[in-house]
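Engineer: Handing you a structure now.
The values are calculated or read from the model by the stated rules, or taken from the named source; none is laboratory data. Note that this is a predicted model, so its numbers are computed, not measured. Cβ: placed from backbone, ideal geometry, glycine included. Neighbour counts: every protein chain shown.
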Amino acid sequence: MKRLSLFLLLFVTQAALPQVRIQNLFFNSTSNILRLNFGSTPPGVAYTGTASGADIGEGIAHVEDPDGNIIIWVNASGVYDKNGTLMPGSAGILAHPSSTEIVICPLPGSQDRFYVFYNNETCSGLYYATVDMRQRGGLGDVTAKNLPIDPGNSYAEGLEIVKIPCSGHYWLLAYQCTTGFKRFRISPAGIGAGTLMHPFEAKGPNNRAYGGRGELDYHNGRMGYGVRGDNRAVLADFDPVAGTMTGVREVVFSATDGMYGLEFSPDASKVYLTDWNNRDFLGNVISDNLFRYDFATGDIASWRIGYNTTNCRDAVVEGLGQVELGQDGKLYIPHVNGCQITVVGNPDAAAPTFGTIDVNAILSTGVSDHIQSEFLAQPLRLQASRPAVCPGEAVTLTASGGSGRYTWEPAPGLVPPAGNTVEVRPAATTTYALYATTPYGCRDTVRVTVEVKGPAAPALSVAGDNPTCGNSVATLRATRGLTGYAWTRDGRPLPGAAADSLITTEPGRYQVAGTSNGCAVSSEELIIEPSFFSRPEALFVPNVFTPDGDVQQANETFAIRNYTGKVRLLVCNRWGKEVYRSNDYRNDWTAEGLPDGMYFYRLTHESGCFREQRGWVHVLR
């Protein structure tokens, strides 16, 4: 039972880990544990260099990340890190090499801790251990082991983990010997008490209580348990939300040693089972050893799978081991004490095909199980055709996997497409979310960020050579550096203008364009009015004013017009005597206390833009 993703896919944000197609299957071996890697076709064979440590090897499990990288793997010897090194804390684990299954699931709510479940062969105590990947510099270690579940009761070797939809929790499924099938809820609070789902007592030869061995499996709404020593299998529908078994049926097969390996076809319309110890003393198959039950018709089919010991000539094959569904939708079955793996192609079909994989190791019975409630469904994914674009450029968002019923956010500019793509034109860096509803009503979410890499548009500034007295030229400057500069005036290119500044003597609407970080950018228009280049006229000075206090209050002061800034004024009478002075004249001289008559003035402007002006003014009351 295996499979979870320790680390979330770049893009899924759900409380539970995402559905993925696991890329590996481990095969237990008394000589060299190996794995098939489905990253290639046919799958590649890789050897761990580690043996089961006993004369048999059954239960085995592993965890990998969404890219198919191994995080941990487990057998009866303990827990191994991604480098194949046994974690020190797992020494003394009570898992038995002859126990059918070991299963793993994450601690709900945690991305770096796992539960490992196991028992000690046939009907015995049920235990768990915890693995913390934060230990040993990220390689992980077992922080607790051999913790009992439901003390005082005995459980068979078949175990299964089922993800509870929409919750992030899991079910641990097990068969309590002589009693029936139980479920345990695994939540952030821990492992809950066992609940009996269906009573069942497995019987062996001579009607003796039996049922310690055999695979327990769940896939696509169905649950099955093979009873070795008894030619029966218990098959049922299983509701992963409610945790209930319905439609329970006991199916009898014409096997010699009883049902052991059990696996459903990809669509769960059929279930395949193996007869482990089916051979004579020379290792020859004596009867059919692979069976199939069809849920739609109730028909049972069977095949005789032969053993080839070319790669291990001295071996006497015992039979077929566990059955596991691969990423490619085929079933994989080890030859126990042999060097071949039988491959069942197209297991949903009425007439499956058969092939073999030769390996250089003595295989045992075990194949790493995985959490099949998360298997074969394509994970929800969202990809952007370009991860970084210029402002306003088109990007295609493509959705895949999930239910195919998509909702997009942010909504502005996004119309739910008829297919699985939508085009966006972000003006700024934007994170887009894609939602899909699962068959159980959960909502999966993935996100992708499209970076808008262009800078803000360059700004323009203008400076004159003599703003006070009137400019002869204007200097425009782009405040942000660009690669390449193209200037325009009134929408027309200015030939030869290719620097970050421009000198002009013409009014108009100016704009600069260029590239920045590969993006075309342009400034807003900067308008230079004709007045920018006009020089001020001479100061206007009246030659008479009438400070007589009349009702109209007209012409009461010596008022100079057509100037800004500071003007210096000096006034003298006709004998040359100074009668008024101001270094910042404000048009406020009224000739108060002076007689009517002619007065002489001298005006200067602080800017130096105006020449000095001299003249006379007549005061008339």
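Engineer: Under 8 Å between Cβ atoms, at least 6 apart or on separate chains: pull out the pairs that start in region 541-566 with a residue that is more than 15 Å from Val617 (Cβ to Cβ) and end on any residue that is modelled with pLDDT under 85 and small (Gly, Ala, Ser).
Structural biologist: Going by the 8 Å Cβ cut-off, the qualifying pairs are Asn562/Ala538; Gly565/Ser607.
Engineer: So, one more: Starting from residues that are of a type in the set (D, E, K, R) and assigned to a strand (DSSP E or B), keep the ones in region 486-511 and report whichever is surrounded by the most Cβ atoms within 10 Å (Cβ to Cβ).
Structural biologist: Applying the filter and picking the extreme gives Arg489.
Engineer: Output the strands (runs of 3 or more DSSP E) that fall wholly within region 332-382 and possess 3 or more residues being at negative phi and buried (at least 23 other Cβ atoms within 10 Å of the Cβ), or say none.
Structural biologist: 340-345, 363-367
Engineer: Additional query: Search region 237-264 for residues being among the small types (Gly, Ala, Ser) and surrounded by fewer than 20 Cβ atoms within 10 Å (Cβ to Cβ), and hand back the single one that is farthest from Thr365 (Cα to Cα).
Structural biologist: Ala242
Engineer: Something else now. Regarding region 210-226, can at least one residue be identified that is part of a loop (DSSP other than H, G, I, E, B), of a type in the set (Phe, Trp, Tyr) and at pLDDT 85 or above?
Structural biologist: Step one: filter region 210-226 for residues part of a loop (DSSP other than H, G, I, E, B), giving 210-215, 220-221.
Filter once more, so that each one left must be of a type in the set (Phe, Trp, Tyr): 210.
Now drop any that are not at pLDDT 85 or above, which leaves none.
Within region 210-226 (the criterion being part of a loop (DSSP other than H, G, I, E, B), of a type in the set (Phe, Trp, Tyr) and at pLDDT 85 or above), the answer is no, since none of the residues qualifies.
Engineer: Now, a different point. For region 287-306, name all the residues that are surrounded by 12 or more Cβ atoms within 10 Å (Cβ to Cβ), of a type in the set (A, V, I, L, M) and part of a loop (DSSP other than H, G, I, E, B).
Structural biologist: Passing the criteria: only Ile305.
Engineer: Now for a different question. Within region 514-621, considering only strands (runs of 3 or more DSSP E) that don't extend past its boundaries, which have at least 1 residues that are more than 23 Å from Gly470 (Cβ to Cβ)?
Structural biologist: 519-522, 567-572, 578-582, 597-605, 613-619
Engineer: Quick test for you: out of Ala189, Ala174, pick the one residue that is under 23 Å from Leu325 (Cβ atoms), among the hydrophobic types (A, V, I, L, M, F, W, C), modelled with pLDDT of 90 or more and assigned by TED's automatic domain parsing to the domain that holds Tyr272.
Structural biologist: Ala174
Engineer: Which of the residues belonging to region 154-168 are surrounded by fewer than 20 Cβ atoms within 10 Å (Cβ to Cβ), in contact (Cβ under 8 Å) with a residue 40 or more places away in the chain and not hydrophobic (A, V, I, L, M, F, W, C)?
Structural biologist: Of everything in region 154-168, those that are surrounded by fewer than 20 Cβ atoms within 10 Å (Cβ to Cβ), in contact (Cβ under 8 Å) with a residue 40 or more places away in the chain and not hydrophobic (A, V, I, L, M, F, W, C) turn out to be Pro165, Ser167, Gly168.
Engineer: List pairs: first residue in region 486-510 and closer than 23 Å to Ser531 by Cα, second residue part of a loop (DSSP other than H, G, I, E, B) anywhere in the structure, Cβ distance under 6 angstrom, at least six positions apart or on different chains.
Structural biologist: So the pair list comes out as Trp487/Leu494; Trp487/Ala497; Ile503/Val473; Thr505/Val473; Pro507/Glu529; Gly508/Asp490; Arg509/Asp490; Arg509/Glu525.
Engineer: Please go through region 192-206 and give me each residue that is aliphatic (A, V, I, L, M), at pLDDT 95 or above and either crowded, with 16+ Cβ neighbours inside 10 Å or in a strand (DSSP E or B) (or both), ordered by number.
Structural biologist: Leu196, Met197
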